[in-house]
1. So Ile167 fits all but one of (1) in a loop (DSSP other than H, G, I, E, B); (2) in contact with a helix residue (DSSP H, G or I) (Cβ under 7 Å, 6 or more places away or on another chain); what number is the exception?
2. Quick one: Ile193 ticks every box in (1) crowded, with 23+ Cβ neighbours inside 10 Å; (2) over 17 Å from Leu35 (Cα atoms); (3) in contact (Cβ under 8 Å) with a residue 60 or more places away in the chain; (4) within 15 Å of the ligand (Cβ to nearest atom) except a single one, so which number is it?
3. For Ala243, work out the one condition from (1) in contact (Cβ under 8 Å) with a residue 40 or more places away in the chain; (2) open to solvent by 50 Å² or more (accessible area, probe 1.4 Å) it doesn't fulfil.
4. For Leu50, work out the one condition from (1) open to solvent by less than 20 Å² (accessible area, probe 1.4 Å); (2) on the phi > 0 side of the Ramachandran plot it doesn't fulfil.
5. State all residues of the stretch 32-46 that are open to solvent by 70 Å² or more (accessible area, probe 1.4 Å) and touching a Ser or Thr at 6+ places or on another chain (Cβ under 9 Å); if no residue qualifies, say none.
6. I need every pair where a residue in the stretch 203-216 that is more than 30 Å from Trp14 (Cβ to Cβ) has its Cβ under 7 Å from the Cβ of a residue that is more than 9 Å from the ligand (Cβ to nearest atom), sequence separation at least 6 or different chains.
Amino acid sequence: MTIPQRRPILAANWKMNMTLAEGGAFVKELLARSLPAGVEVVICPPFTLLHLLGEKLQGTSLKLGAQNMYFEEAGAFTGEVSPLMLKDAGAHYVILGHSERRAHFKEEDSLVGKKVGAALEHGLSPILCVGETLEERKEGKTLEVVERQLAGGLAAVPRERAGNMVIAYEPVWAIGSGQAATGGDAREVSAFIRRLYGDQFGREAESSLRVQYGGSVKGDNIRDFTGYPEIDGALVGGASLKADSWHAILQAVGQQISAP
Ligand code: PEP
C-alpha cells in the first residue's frame, strides 16, 4: 500500500520533559543526521523551550509546535499562554485537546473548540487530539466518542481555514502503554474522521486533512499505520524523547514514501 499524496507529518510531543540544555542537545544531534525529505517533522517542547528551539530550528526543515494554549490574546489569565505568544516564539503548530489535558485538567470539548478556533484565527495549525478510553472502546463507543469530540473541537473552524487542520487519533489506552492500536483499527477511525470532516467542510477540505495516529508508536511499528492512505503520520510521545528512537521513526516513514 502506498502513502497518500498529502505530506506525512510526524510530531514529537515531549510533554513535561526536557531542560533547555537537553532540548538544545537533542536538536543538535537530530540536525547532524540526515532527515527524510518529503516528511514534515514537528517538535513540540514545553513552553519554556519554545523560544530557544524557535531560534535553533530557524532555517532548518524542522517545525516548532506547542502543546497547549489559551484562546484569548492577552489579559488576566494567570498561568496561560496565548496564540500570539506562541507565534512570537516561532511556533507553527499547537497540540490541542490532548487526552492528558482532558483527563488531568478537565478540558472539555467546548473549551478545546474555542482554542482550535483561536489558533486558526492567528495562523497556527492545530493538532486536534481525539480518542476513546479503554472503557469506551469495550462498550463499543469509539466512534460515538470521536464524533462528539470532533463536533466540539471543530465547532469554531471557519470553512476557509479548514485546510489548515491536523487531527490526531489517539486512543487513550494506547498512550504511553506500550500497547499500540492495530493498523486496521486506527485506519477505521481515521477513515471515519475523514468522512465526518468532509461532511462538515466539503470534500476538498477532507482530501487536504492530515490525520495522525498516536499511541505507543516506535520505529518498528510506525509503518503499520502510515501504510494506510487514511493515515498521514503520527503524534509521538515516549519515542520522541531520544534522538535515536525519534530518528528511527523519521527514517522508517522516509523509506516508506521513497519506496517505489
Ligand atoms: C502522546 O502523548 O501523544 C503519545 C502518543 O504518547 P506515546 O507515544 O508515548 O504513547
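The values are calculated or read from the model by the stated rules, or taken from the named source; none is laboratory data. Just so it is clear, the structure is predicted and the values come from calculations on it, not from any experiment. Glycine also receives a Cβ, built like all others from the backbone with ideal geometry; neighbour counts cover every protein chain displayed. Note: areas computed on protein heavy atoms with side chains; ligands, DNA, RNA excluded. Shrake-Rupley method; radii C 1.70, N 1.55, O 1.52, S 1.80 Å.
1. Result: Ile167 fails condition (1) only.
2. (4)
3. (2)
4. Result: Leu50 fails condition (2) only.
5. Within the stretch 32-46, just Ala37 meets the criteria.
6. Qualifying pairs under 7 Å: Glu206/Arg194; Glu206/Tyr197; Glu206/Gly198.
To keep it simple, each residue is scored yes or no on (1) within 16 Å of the ligand (Cβ to nearest atom); (2) more than 15 Å from the chain's Cα centre (by Cα).
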site	(1), (2)
Gly79	no, yes
Met85	no, yes
Gly90	no, yes
Ile95	yes, no
Ser99	yes, no
Ala103	yes, yes
Ser110	no, yes
